[in-house]
1. Can you give me the ranges of the helices (runs of 4 or more DSSP H) entirely in the range B:1-93 with at least 3 residues that are within 12 Å of chain A (Cβ to nearest Cβ)?
2. Here is a check on your reading of the model: is A:Ala94 more than 20 Å from B:Glu25 (Cα to Cα) and either acidic (Asp, Glu) or away from DNA strand D (no atom under 11 Å from the Cβ) (or both)?
3. When you look at B:Leu137, is it in contact (Cβ under 8 Å) with a residue 60 or more places away in the chain and at the interface with chain A (Cβ under 7 Å from one of its Cβ atoms), yes or no?
4. What pairs can you find where one residue is in the range A:1-23 and at pLDDT 90 or above, the other is charged (D, E, K, R), and their Cβ atoms are less than 6 Å apart, with a gap of 6+ or different chains?
5. For the range B:112-124, indicate whether the set of residues that are within 14 Å of DNA strand D (Cβ to nearest atom), within 11 Å of chain A (Cβ to nearest Cβ) and part of a helix (DSSP H, G or I) is non-empty.
6. Do any residues in the range B:60-72 that are on the phi > 0 side of the Ramachandran plot have Cβ atoms under 9 Å from those of residues that are in a loop (DSSP other than H, G, I, E, B), where the two are at least six apart or on different chains, and which pairs are they?
7. Restricting to the range A:92-148, count the residues that are in contact with a helix residue (DSSP H, G or I) (Cβ under 8 Å, 6 or more places away or on another chain), open to solvent by 40 Å² or more (accessible area, probe 1.4 Å) and among the acidic types (Asp, Glu).
8. So in the range B:27-59, with the set limited to residues that are closer than 19 Å to A:Ala23 by Cβ and among the hydroxyl-bearing types (Ser, Thr, Tyr), which one is least open to solvent (accessible area, probe 1.4 Å)?
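The values are calculated or read from the model by the stated rules, or taken from the named source; none is laboratory data. Please read these numbers as outputs of a predicted model, since none were measured by experiment. Every residue, glycine as well, gets a Cβ built from its backbone with ideal geometry; the counts of neighbours run over all protein chains shown. Accessible surface is based on the protein model in full, side chains and every heavy atom, while ligands, DNA and RNA are left aside. Shrake-Rupley method; radii C 1.70, N 1.55, O 1.52, S 1.80 Å.
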There are 2 protein chains.
Amino acid sequence: MMRDTCDETFELADFLPYLLNQAAEASGQEFQTIYKGRYGMLRTEWRVLFHLGIYGRMTAKEIGERAVIHKTKVSRAVQKLAARRFITRERHAADRRFEYLDLTTAGRAAYRDLHEVARQYDARLTSQFSDEETALLRSMLKRLAGGR
Amino acid sequence: MMRDTCDETFELADFLPYLLNQAAEASGQEFQTIYKGRYGMLRTEWRVLFHLGIYGRMTAKEIGERAVIHKTKVSRAVQKLAARRFITRERHAADRRFEYLDLTTAGRAAYRDLHEVARQYDARLTSQFSDEETALLRSMLKRLAGGR
DNA sequence: AGCTAACAGTTGAATTTGTAACTAACAAGG
DNA sequence: CCTTGTTAGTTACAAATTCAACTGTTAGCT
């Protein structure tokens, strides 16, 4: 019977991992319906697409490391993107374990389209906050995400 | 060829839904290993447990609405929690469609344990920020989560 | 009462994910 | 060369999630 002082105030809705999850799901919902409806993509797939669109030619492993996605998920996303002709796969000659991925013309078009959607969507989401608030939010989220 | 001024600066790592997801996954990881390892629970299960622990007797539907979880997910979580004797289920006499859920003694013990873990974990996560920053973060996340 | 619509919750089949074991390719030491 | 170990990526199987159809129950209208 001593320290229930701050105990009482700890609600589920204040638990950071819970809150982050709710915010992530709510904010991702609308974007999901776009990439899903427009290109039939799954989350991992647009992420792979974006990585190639932004950083250029890259292996599956690099993508997995940057985005913290398990290699089996990346592998399956790559297979689906390749089957739909959004990316090409090319074995590295010197070390045939590596496979370099690249966007096709169709892949680049899809990327540009979704990139623009994402940009506008992000702008809309952050428009409810001041620039300082938004900047702080992003930096805090990066810190929270970074601790892996 | 006109407005690529702010286009170039829009990176994947700045896209809010992406960032939120990364932060949510990273921050939830450690807590997951606890409720999973200690009680063999899934995410929906501890959420149901917490809702009952915090708000008391409640139906599956109410939980689903508060936490924005699909009813099939809640239904299965309730089944598992009831099978493990963490909760009891009782049909409402006046309207037999409703089923009221309650924590058992074991359920309340598990809730208290996990609640304390969550409290400490939250405190540790937010200790890297100032109180003002943390408060702002939570309020922004709530706004982002609220728009459903 | 009898019909229809709505509602709480469940179930089953199809997708998606997670885990672990696997293949193929290379590297380093003997 | 020939182990032994490591790495990139795949596959198989189990677990979890989604979606749609379902049961049982109540409400409202006629």
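1. Numbers: elements: B:16-39, B:43-55, B:60-67, B:71-83.
Of the helices (runs of 4 or more DSSP H) lying wholly inside the range B:1-93, those with at least 3 residues that are within 12 Å of chain A (Cβ to nearest Cβ) span B:16-39, B:43-55, B:60-67.
2. Values: more than 20 Å from B:Glu25 (Cα to Cα): yes; either acidic (Asp, Glu) or away from DNA strand D (no atom under 11 Å from the Cβ) (or both): yes.
For A:Ala94, the condition - more than 20 Å from B:Glu25 (Cα to Cα) and either acidic (Asp, Glu) or away from DNA strand D (no atom under 11 Å from the Cβ) (or both) - is met.
3. On the way: in contact (Cβ under 8 Å) with a residue 60 or more places away in the chain: no; at the interface with chain A (Cβ under 7 Å from one of its Cβ atoms): yes.
Against the criterion (in contact (Cβ under 8 Å) with a residue 60 or more places away in the chain and at the interface with chain A (Cβ under 7 Å from one of its Cβ atoms)), B:Leu137 does not qualify.
4. Cβ pairs passing all conditions: A:Phe15/B:Asp122; A:Leu16/B:Asp122.
5. Applying the first criterion (within 14 Å of DNA strand D (Cβ to nearest atom)) to the range B:112-124 yields none.
Within the range B:112-124, not a single residue is within 14 Å of DNA strand D (Cβ to nearest atom), within 11 Å of chain A (Cβ to nearest Cβ) and part of a helix (DSSP H, G or I).
6. Cβ pairs passing all conditions: B:Val68/B:Arg148.
7. Result for the range A:92-148: 4.
8. B:Ser27
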